[in-house]
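Every number here is computed from the coordinates shown, using simple stated rules; none is lab data. Just so you know, these numbers come straight off a predicted model, no measurement behind them. Positions of Cβ are generated from backbone atoms using ideal geometry, with glycine treated the same way; all protein chains shown enter the neighbour counts.
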Amino acid sequence: MKASTQRLTLLLLAAALISLFSASCRNTIRSAGRDVESAGDHIQRATQ
């Protein structure tokens, strides 16, 4: 019984960590995309 409880705890911890990392990566990638787009807009304005 103890081994199954440990496995369940480990599985829940792993799921929580995966959720946390995927959520933070999505926001980071979205922010990086906005930064690149903004830089592109500034370059276009400078060349006109």
(request) Tell me the label-point distance for the pair residue 5, residue 47, using the 7 Å Cα-to-Cβ offset, in nm and rounded to one decimal. (result) 6.5 nm
(request) Extending each Cα 7 Å along its Cβ direction at residue 31 and residue 15, get the distance between those two points in nm, one decimal. (result) 2.8 nm
(message) Can you show me the helix-derived [θ] at 222 nm for the chain, built from DSSP H runs with n ≥ 4 at -39,500 (n - 2.57) apiece and divided by the number of residues, rounded to the nearest 500.
(response) -35500 deg cm²/dmol
